[in-house]
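Below you'll find the structure, written out as structure tokens, and then a few comments.
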Amino acid sequence: MNDRCPRCERRYPPGRLGVCPACFLEAEIPPGQISDTLELIEEIGRGGMGTVWSARHLRLERIVAVKFLHPELAAQPDFQKRFEREARALALLSHTGIVAVHDFGDDEGRSYIVMEHVAGRPLSELVPLPPEQALDVATQVCDALAYAHRQGVVHRDVKPQNILLDTAGRAKISDFGISRLLEPRRDPGVTAAGQLVGTPSYMAPEALAGAAPDPRMDVFSLGVLIYEMVTGRLPVGERSRLSGGLDEVVSRALSPDPRLRYPSASEMAQGLRSLGSSADDLPSHERLWLRAVALLQTLATAVTLWALLQSVTPKVLLPQERQPLIMRPPEALQDGRFVSRARFETWPTLSAVAAIALALAGYGLLRRHWREAELERRLPERSLRESRTLLFLGGAAVAVWASRRWLEAHRFPGAWELVPIVGGVMEIAALFFFWSAVLEGARNARSLAREPALWAGLLLALTPPTADLAAYLTSWRP
């Protein structure tokens with residue numbers, strides 16, 4: 001059986017070289033070093049516009065990627081002027097989801113661009129992806145495109161080969177604006193070599209017809225990209241229906257009429273996030289481990305609060321029970337005893353330290369397992385459901401506490417005896433949901449500063465015990 005070259009599509013017999021002989025003979029091999037700045041290492045990519053090499057930047061002492069453009073492109077009229085102007089514009093794009101352009105130049109008639117080197121793999125080698133990961137990648141790509149569109153740059157060649165995933169699962173768009181950079185003025189949409197600007201399978205109908213660049217062209221390409229990420233196939237002919245609301249998002253993006261698509265990548269990202277906000281991409285058995293660690297952290301917090309309570313609760317001591325090194329100066333009573341207002345309670349404190357150490361160990365093991373199992377996601381826009389639950393619990397805890405105070409004030413004997421127990425259970429539940437939110441936020445790279453409901457719920461939940469403790473300390477008499 002013959003192998004097929006992914007570049008020229010020609011078949012060749014398999015052999016020891018493992019490369020297409022025709023492409024090997026036609027390859028443009030640059031010198032080992034460019035001026036005194038770049039030392040080429042190896043070719044890492046090849047496409048219709050040129051070759052990409054990894055290189056060592058001798059001045060910055062780091063690895064970069066160098067894209068050499070085909071020499072025939074330089075033969076286009078005014079190419080060098082447009083190349084410099086557009087390369088400068090691309091270098092101004094600064095976004096975590098875009099492969100950065102560091103420099104550009106010309107070496108013996110061959111133009112090149114120095115770009116950020118991404119340690120990872122192209123998306124084309126990873127499709128199909130699990131739906132939740134495809135959703136994550138698509139949202140990241142939308143954010144990067146939305147930023148570029150605001151800068152006035154349309155990619156026009158969004159496809160899996162131009163999306164890189166680094167080792168942490170972060171998506172980066174490469175060749176950003178290269179298609180625009182190479183567009184001849186005399187024949188929009190076609191290069192000097194007679195090729196369309198872009199890849200036909202991913203291009204919007206109006207782009208194939210040679211229309212002027214428009215952000216909605218990238219929206220169409222995103223629809224193709226998402227469909228391929230989920231199914232492993234291009235949306236040609238009768239499309240398979242995607243699960244959940246993802247099918248609606250993709251269908252709108254793939255509308256032949258650009259007026260019916262999302263008007264921007266930013267709005268498409270909002271549509272994708274609305275799907276992710278209600279999705280639970282953690283398997284049930286993994287969810288049990290998250291709850292177990294959250295419960296461990298809850299118990300550690302409870303033990304720590306108990307130790308603190310033991311340390312600040314006033315206590316009457318006999319003279320021989322005084323321990324000056326671990327307690328505040330005690331107050332002497334007329335009967336010879338002493339009052340200790342605060343002290344270091346040895347066993348409660350050591351119990352708290354042991355519980356905290358155990359909780360930290362569980363947290364570290366769980367985070368390591370998530371990294372190894374690739375369960376960590378970058379979904380900073382996904383709100384935490386636990387925040388709403390904690391807000392409800394906090395409000396309910398205050399209501400229970402207020403009802404107990406009302407019953408006590410109106411002297412209903414025995415009517416409020418079970419209320420403190422119910423309140424205590426609610427406080428433990430509030431701590432559990434707080435730590436569950438902390439774990440979910442860490443897994444999804446969601447900053448807890450963006451969860452005001454979480455902190456409001458925690459504040460409400462801590463109000464009853466804090467108020468009762470303050471009242472007890474101020475009213476306590478020996």
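Values quoted throughout were computed directly from the atomic coordinates according to the rules given, and no laboratory measurement underlies them. In this text, all values refer to a predicted model and were calculated from it rather than measured experimentally. Every residue, glycine among them, receives a Cβ derived from its backbone with ideal geometry; neighbour counts consider all protein chains shown.
Here's the list of lysines a cross-link from residue 172 could span, going by alpha-carbon distance under 18 Å and ignoring same-chain residues fewer than 8 apart: 67, 159. If you take all other residues with their beta carbon under 12 Å from the beta carbon of residue 365, and give Lys and Arg +1 and Asp and Glu -1, the sum is +2. For region 284-475, the spread of Cα positions along the three principal axes, ordered from largest to smallest, is 67, 45, 27 Å. A straight Cα-to-Cα reach below 18 Å connects residue 315 with none of the lysines, residues fewer than 8 places away in its own chain not being considered. With a Förster radius of 60 Å applied to the beta-carbon distance between residue 323 and residue 270, the computed FRET efficiency rounds to 0.45. Note on 446, 328, 261: ascending count of other Cβ atoms within 10 Å places them as 328, 446, 261, the fewest first. The simple spin-label model puts a point 7 Å past each Cα toward its Cβ; for residue 331 and residue 62 those points are separated by 6.2 nm.
Simple rule: put +1 on each Lys or Arg Cβ and -1 on each Asp or Glu Cβ in region 328-379, find the dipole, and look at 358, 344, 369; the Cα lying farthest toward the positive end is 369. The order of 206, 61, going from fewest to most other C-beta atoms within 10 Å of their C-beta, is 61, 206.
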